[in-house]
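Following: one structure in structure tokens, then a few remarks.
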Amino acid sequence: MGEVAIGDKNLTIEDVINVARYGAKVSISKKCLNIVSASRKVVEDLVKQKKIVYGLTTGFASFKDVVIDESQTEELQKNLIESHAVGVGKPFDEEVVRAAILIRI
């Protein structure tokens, strides 16, 4: 089982199988966390500066010209994730979900 580290090397198919099928723990390297933190700061700064950024400080599609208040930007992103997480049919098996989440990370 072991542990799969994200951020220092490319994932292998064996890494994905170990996490999905055998429940290996996942860790994120300090380098990767620093990159994520830097990206988050860029986003936070854009919101604070009231910059117009599609899907971040505006709505989507026909609402692209609707500016979202800073206090609602977190809710906008949460709603986006939830709307894309909805589907039809039988839910995926845990193994498929674990693999999909790992790959997205």
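The values are calculated or read from the model by the stated rules, or taken from the named source; none is laboratory data. Since we're looking at a predicted model, the values are computed, not measured. Note: ideal-geometry Cβ built from the backbone for every residue, glycine included; neighbour counts use all protein chains shown. Just the protein is used for accessible areas: all its heavy atoms, side chains included, with ligands, DNA and RNA removed. Shrake-Rupley method; radii C 1.70, N 1.55, O 1.52, S 1.80 Å.
Starting with the highest mean, order 16-25, 49-58 by the number of other Cβ atoms within 10 Å, averaged over the residues of each peptide.
16-25, 49-58
For residue 8, what accessible area in Å² do you get when you roll a 1.4 Å probe over the heavy atoms of the protein chains, rounding to the nearest 10?
About 110 Å², rounded to the nearest 10.
Compute the length gained on full extension between residue 103 and residue 13: take 0.36 nm times their separation in residues and subtract their Cα-Cα distance, giving the result in nm to one decimal.
31.4 nm
Hey, what do the phi angles of the range 61-71 turn into as Karplus ³J(HN,Hα) couplings, whole Hz, using 6.51/-1.76/1.60 and θ = phi - 60°, x for Gly and Pro?
Per residue, the Karplus-derived 3J(HN,Hα) values read 6, 5, 9, 4, 9, 8, 7, 8, 4, 3, 5 Hz.
Which of 84, 17, 52 sits farthest toward the positive end of the charge dipole of the chain, with +1 on the Cβ of Lys and Arg and -1 on the Cβ of Asp and Glu?
Result: 52.
Rg/Rh for the range 1-100 to two decimals, with Rh computed the Kirkwood way over all alpha-carbon pairs.
1.09
Going through the DSSP H helices of the chain, which span 20 Å or more along their own axis at the Cα atoms while scoring at least -1.0 as a mean Kyte-Doolittle hydropathy?
Both cut-offs are met by 30-48.
In terms of modelled amide H atoms, which long-range or inter-chain residues lie less than 5 Å from the amide H of residue 5?
27
With label points built 7 Å along Cα→Cβ from the Cα atoms of residue 96 and residue 3, find their separation and express it in nm.
3.1 nm
Quick one: dipole size for the chain, taken about the Cα centre, charges +1 on Lys/Arg Cβ and -1 on Asp/Glu Cβ, in debye to the nearest 20.
Using only the charged Cβ atoms, the result is roughly 280 debye.
Below 17 Å Cα-Cα, how many Lys pairs turn up in the chain? Only count pairs eight or more apart in sequence, or on different chains, if you could.
Number of lysine pairs found: 9.
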